[in-house]
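What follows is a short report on a single structure.
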Amino acid sequence: MLSTTGYVTSKDWWKLSAIFGVMFNVIWLAGGLLWTKVIGFW
């Protein structure tokens, strides 16, 4: 919706989505590894 109204170009929208997707996956991976260490699975 934001890219169709002209606030953000489609190219920038996909670029930012990819960056945030990688960031969130790294955060969840780090948190998950820490959690498995805390509960003793790893």
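Every number here is computed from the coordinates shown, using simple stated rules; none is lab data. Since the structure is predicted, the reported quantities are computational estimates derived from the model, not experimental observations.
Per DSSP H run of n ≥ 4, the term is -39500 (n - 2.57); total these for the chain, divide by its residue number, and report the mean residue ellipticity at 222 nm rounded to 500 deg cm²/dmol.
-27000 deg cm²/dmol
Please work out which option in (1) 55, 25, 15; (2) 64, 6, 5; (3) 50, 14, 9 gives Cα extents along the principal axes in Å calculated from these coordinates, and answer with its label.
Given (1) 55, 25, 15; (2) 64, 6, 5; (3) 50, 14, 9, the structure-derived one carries the label (3).
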